[in-house]
Ligand SMILES: CCCCC/C=C\C/C=C\C/C=C\C/C=C\CCCC(=O)O[C@@H](CO)COC(=O)CCCCCCCCCCCCCCCCC
Ligand SMILES: Nc1ncnc2c1ncn2[C@@H]1O[C@H](COP(=O)(O)OP(=O)(O)OP(=O)(O)O)[C@@H](O)[C@H]1O
């Protein structure tokens, strides 16, 4: 028995350490012959990126410690080194047969990147990826086969892993760990390295020299802090990651707990199906193989033959194979080696064999598998090995030869730092219990007794990590044989943990939205019971948000949570489809003192439709658990998740309507928030973006670097903005309570609301046409021109009281109450002329300004800066009487208001907004100069700089 303490893993944390036990399994043997590369972009195709190497025969014996099997190749095309990213001058390079790592001779000794064949064994904490839809990623490279991504490829929505669809099954489950899940929870946070695809201008943090490349997959970048280094330099950095520039904004993974079983990653991160579709047949979901039926087998060159290679029974059953091209004739060993390499298996080929499969399969794949599993060798099957076959492409299945004993690595699940394991020999007598008994003394835990521990099998698939507890009597050798029989790749992605046998109490928080508002806890309980048959003994209604028509269910059983989640999303109540979201718990007590995390809301429907890309960028830059899509349940799920945090900030990505939506939700939730007044920043995605403009966030987002946006949010200053309450009391609706809406920008009655209404109706009818801010403004102009000659005489249809005093209205078509100096996308309705009748307007003075417009022509003039509105009044309390049904808009959201009263007053508290700090002046100015430039709103206090 050999007990080896393992090393820190490279993938998923820590620095690469060649030669350590964890990174030096018995792989990457030398002395093998090489077959020609197979076709297609799959990892089995063998050739290095852009190299087109010819066989040179010589083999480099080093770097086997990292699983590579390097050999010297002749270069026929310009080729770059994957270690130093420089051009390889001369005719020879060193290429790893399994992962396509290409290197200079001088660099090959310094290679620290492990081969994909051993990468799964180096993952610190297995975390599945979350692949989005196929997309074109120009000048990016596959993280598995290292080749360029010319055709549509996949990218993880949470980390920067890019892969060919065919390479997905070979990707490690080494995504960012964004929450605690009760399995391997760490408090110390380490860098999470991702290799390659760095911008070409990237500079190494250690040596300050260029470390990015657009030619090859090289260099490393930490997925959390963004630090970029040469692979060779990475060991000079401390393993601990402090989240870099965004450290005060990131919600630390140690503060988030989410127990999940088979919820998928997109479900856990609330990524819509459209953004993260189910893998299609060609995407080779886990357990499948990268090629499959329907894939053309290219005609081999005359001196080569193409073979279909299946990895175990599962591949045969699913009829999924890889095509490998070998010389004609080829020796059996040559074919076997090429087949193993195609599946990234660099173990000793003597432990494997190829079994012939009848091709094409006659009676279904399962039948074909049954035949192949007869245990006979290809020679016995047809009397001839691969060498002799010459007809149509042949099919072979790779099998592991039976083993009478095996060496098994057992990882202690409780270790918080690094990947460490002990290796033990398992024989036909070994059971899960005997393995636990054997490893405990090696790990110093024998005193606790084997009954406190269990053996867990973890399948580290790239899309899902599956955990299974082995039964105590389970014969371990049989289990290993079964896994290999199913798939050899699956075996290389399977890890065994000895774990404390703690009764994990399942607890899943399920948010259910879209329910009728205004019900009691009991009423929501009965309604859900009726709609989805909730099991009372497993489900508790932990929170009721009656006014929003939403509840949070606490479910004490994973299967029940999964059932409810699926069912709720398929259920309509009162004709409205319900929303279901899995929500994490935020462990507020673990929030570091210098951290004030950002809660991000994105409205993908706003103005220029830039929200989808931003969602993706923010999920990568921050913790995806802090990013919420507003079309998926509104602001409430995010506010519920952050409710216990003692401090946080909010970023609203959307237009004025969206900002108002979030501010209203914040106001409603205020008493349930541990941080009742979080400051709110704006990323202006809308059409008008008036509040965003006055708070210096700009007229509209047009693709600026999302990292720079977040840095600006972190550096912004808090200011106060008045918040107005509008009570709408319709005369006809005597029995209904008055409606209340909140306002921070403006409230328009008459013509501007009418244009707004026309615009929104047009957008509802054909949302696909409203794809740019410019187009949207064009629609305002079109609807404006259509109403150019409209003259209903609004002043005759309404009455206005300011502070209880009747005010006579001039002849107008629109009456507008303004709180900020921007309306209709940046127009200044009040104007800058001083006026002895009124105070100078401010957005925090508790006063609103009232102006009139005479029609569309007048509004156009205001837009053109040629005129301002007709100044009518300034005050803090207004009463408007509508004699007829009239269009009304609040912060750009319009409706037709029935005749009755509108009371506008500042009953609520002011809101804390974040105003973008002014760009630092080019020339050094004095602090006094800088203060003189400040706008009208007072700062709440200089925001503490956290960095
Ligand atoms: C002189 C003829 C001018 C014809 C112009 C026709 C129509 C548009 C005129 C004015 C539109 C003004 C206001 C918008 C209306 C309602 C919105 C009110 C609520 C609100 O502000 O909502 C915002 C929330 O974010 C969203 O609103 C917008 O984004 C509005 C965008 C409006 C863009 C209109 C651009 C029009 C440019 C016209 C410039 C004409 C200048 C020349 C004038 C010469 C006159 C002789
Ligand atoms: N309070 C709200 N409640 C529900 N949905 C809203 C609310 N406000 C906005 N929306 C939705 O978001 C969409 C986009 O609104 P938003 O105001 O963000 O963008 P916009 O109208 O393009 O920009 P702007 O308001 O700056 O002109 C609206 O069409 C609406 O579907």
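The values are calculated or read from the model by the stated rules, or taken from the named source; none is laboratory data. Values in this document were obtained by computation on a predicted structure and should not be read as measured data. Note that each Cβ is placed from the backbone with ideal geometry, even for glycine, and that neighbours are counted across all protein chains shown.
For the condition modelled with pLDDT under 95 and assigned by the TED database to the domain that holds residue 847, residue 734 qualifies. Annotation note: Cβ proximity below 8 Å between a residue of region 788-799 that is on the phi > 0 side of the Ramachandran plot and a residue that is in a loop (DSSP other than H, G, I, E, B) and surrounded by fewer than 17 Cβ atoms within 10 Å (Cβ to Cβ) (sequence gap 6+ or interchain) occurs for 793/811.
Give the residues of region 494-506 that are part of a loop (DSSP other than H, G, I, E, B), touching a residue at least 12 places away in the same chain (Cβ under 8 Å) and under 30 Å from residue 423 (Cα atoms), sorted by residue number.
501, 504
Output the residues belonging to region 822-849 that are more than 16 Å from ligand 2 (Cβ to nearest atom) and closer than 17 Å to residue 743 by Cα. 841, 842, 843, 844, 845, 846, 847, 848, 849 - these are the residues of region 822-849 that are more than 16 Å from ligand 2 (Cβ to nearest atom) and closer than 17 Å to residue 743 by Cα.
Taking (1) crowded, with 21+ Cβ neighbours inside 10 Å; (2) within 31 Å of the chain's Cα centre (by Cα); (3) assigned to a strand (DSSP E or B) in turn, residue 462 satisfies each apart from (3). Scanning region 875-896 for residues that are in contact (Cβ under 8 Å) with a residue 40 or more places away in the chain and away from ligand 2 (no atom under 16 Å from the Cβ) gives 875, 876, 877, 878, 879, 880, 881, 882, 883, 884, 886, 896. Applying the criterion of at least 1 residues that are away from ligand 1 (no atom under 11 Å from the Cβ) and over 30 Å from residue 665 (Cα atoms) to the strands (runs of 3 or more DSSP E) found wholly in region 735-822 leaves 798-802, 805-807.
The condition of being out of contact with any strand residue (DSSP E or B) (no Cβ under 8 Å at 6 or more places or on another chain) and buried (at least 20 other Cβ atoms within 10 Å of the Cβ) holds for residue 233.
Restricting region 667-691 to residues that are in a helix (DSSP H, G or I) and modelled with pLDDT under 95, which is surrounded by the most Cβ atoms within 10 Å (Cβ to Cβ)?
669
Of the residues that make up region 742-749, is at least one in contact (Cβ under 8 Å) with a residue 12 or more places away in the chain and either away from ligand 2 (no atom under 16 Å from the Cβ) or surrounded by fewer than 17 Cβ atoms within 10 Å (Cβ to Cβ) (or both)? Among the residues of region 742-749, at least one is in contact (Cβ under 8 Å) with a residue 12 or more places away in the chain and either away from ligand 2 (no atom under 16 Å from the Cβ) or surrounded by fewer than 17 Cβ atoms within 10 Å (Cβ to Cβ) (or both), which makes the answer yes.
The condition of being part of a loop (DSSP other than H, G, I, E, B), surrounded by 22 or more Cβ atoms within 10 Å (Cβ to Cβ) and either away from ligand 2 (no atom under 14 Å from the Cβ) or in contact (Cβ under 8 Å) with a residue 24 or more places away in the chain (or both) holds for only one of 633, 638, that being 633. If we scan region 601-614, do we find a residue that is under 23 Å from residue 227 (Cα atoms) and in the same structural domain as residue 645 (by the TED database)? Yes, the conditions are met somewhere in region 601-614.
From the list 211, 178, 222, pick out the single residue that is on the phi < 0 side of the Ramachandran plot and touching a helix residue (DSSP H, G or I) at 6+ places or on another chain (Cβ under 6 Å).
On the way: 211 fails: touching a helix residue (DSSP H, G or I) at 6+ places or on another chain (Cβ under 6 Å); 222 fails: touching a helix residue (DSSP H, G or I) at 6+ places or on another chain (Cβ under 6 Å).
Just a single option satisfies the conditions, and that option is 178.
For region 883-894, the tally of residues that are over 16 Å from residue 746 (Cα atoms) and either touching a helix residue (DSSP H, G or I) at 6+ places or on another chain (Cβ under 7 Å) or within 16 Å of ligand 1 (Cβ to nearest atom) (or both) stands at 3.
Each row is one residue, and each column tells you yes or no for (1) within 16 Å of ligand 2 (Cβ to nearest atom); (2) touching a helix residue (DSSP H, G or I) at 6+ places or on another chain (Cβ under 8 Å); (3) more than 15 Å from residue 606 (Cβ to Cβ).
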residue	(1), (2), (3)
765	yes, no, yes
773	yes, no, no
777	yes, no, no
784	yes, yes, yes
787	no, yes, yes
792	no, no, yes
799	no, no, yes
803	no, no, yes
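Taken over region 825-846, the criterion of being within 12 Å of ligand 1 (Cβ to nearest atom) and in contact with a strand residue (DSSP E or B) (Cβ under 9 Å, 6 or more places away or on another chain) is satisfied by 829 alone.
Please work out if residue 769 is assigned by the TED database to the domain that holds residue 814, in contact (Cβ under 8 Å) with a residue 12 or more places away in the chain, surrounded by fewer than 17 Cβ atoms within 10 Å (Cβ to Cβ) and over 25 Å from residue 651 (Cα atoms). Here the answer is no, as residue 769 does not meet what is asked.
Only one of 919, 897 is within 16 Å of ligand 1 (Cβ to nearest atom) and either over 21 Å from residue 824 (Cα atoms) or under 42 Å from the mean Cα position of the chain (by Cα) (or both). Can you tell me which?
897
Out of curiosity, is residue 172 touching a helix residue (DSSP H, G or I) at 6+ places or on another chain (Cβ under 7 Å) and modelled with pLDDT under 90? Here the answer is yes, as residue 172 does meet what is asked. Is region 252-262 home to any residue that is within 15 Å of the chain's Cα centre (by Cα), part of a helix (DSSP H, G or I), closer than 30 Å to residue 567 by Cα and modelled with pLDDT of 90 or more? Yes, region 252-262 has at least one match.
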